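See below for the structure under consideration.
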């Protein structure tokens with residue numbers, strides 16, 4: 001698979017059910033989320049603004065997209081009824097048909113911008129590796145069918161020696177009744 005096809009297949013609204021095991025807090029967590037993935041034009045203002053911020057030329061990018069989410073967790077240390085939400089832009093820069101980097105305005109594991117490396121396996125599984133200040137994340141996303149996909153992640157210490165958290169999510173695309 002190439003990144004353009006992956007982004008195109010991911011576009012839409014998804015209902016996600018994620019289970020996570022936080023080894024650091026010795027806690028299991030169930031999270032229900034609404035995820036929206038929108039394709040953006042290469043010359044979209046938010047894409048151009050982010051590229052200027054990180055000093056990247058737009059000629060090397062393909063298929064930028066915006067991801068927004070609202071999540072309801074059964075374990076929130078502050079307020080169990082609180083819903084967390086956010087959004088980020090993601091900008092792929094391919095090296096080859098199956099590898100490249102992904103610029104993220106907000107990371108998965110830490111709330112900071114990040115540059116991830118990606119690759120596609122022969123079975124079209126998308127693997128994303130990100131090194132943050134305090135941790136290293138590996139995410140895997142694969143499609144079961146056109147409207148069902150799975151996502152798993154492993155979050156390790158920055159040295160890679162210890163596992164902090166693992167998670168698995170099944171995601172179902174919301175289909176319009178039109």
Candidates 133, 160, filtered to the one that is outside any strand (DSSP E or B), modelled with pLDDT under 90 and closer than 22 Å to residue 92 by Cα: 133
Residue, modelled with the lowest pLDDT, within region 70-87, restricted to residues that are closer than 20 Å to residue 154 by Cβ and under 18 Å from the mean Cα position of the chain (by Cα): 73
Test: residue 148 is surrounded by fewer than 15 Cβ atoms within 10 Å (Cβ to Cβ), within 17 Å of residue 25 (Cα to Cα), touching a strand residue (DSSP E or B) at 6+ places or on another chain (Cβ under 7 Å) and at pLDDT 90 or above: no
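In region 119-128, how many are out of contact with any helix residue (DSSP H, G or I) (no Cβ under 7 Å at 6 or more places or on another chain) and surrounded by 14 or more Cβ atoms within 10 Å (Cβ to Cβ)? Talk me through it step by step, then tell me what you get.
Narrowing region 119-128 to residues out of contact with any helix residue (DSSP H, G or I) (no Cβ under 7 Å at 6 or more places or on another chain): 119-125, 127-128.
This time we only want the ones that are surrounded by 14 or more Cβ atoms within 10 Å (Cβ to Cβ), so: 119-120, 124-125, 127-128.
Residues that pass the stated criteria total 6.
The values are calculated or read from the model by the stated rules, or taken from the named source; none is laboratory data. Nothing here was measured: the structure is a model prediction, and the numbers come from that model. Positions of Cβ are generated from backbone atoms using ideal geometry, with glycine treated the same way; all protein chains shown enter the neighbour counts.
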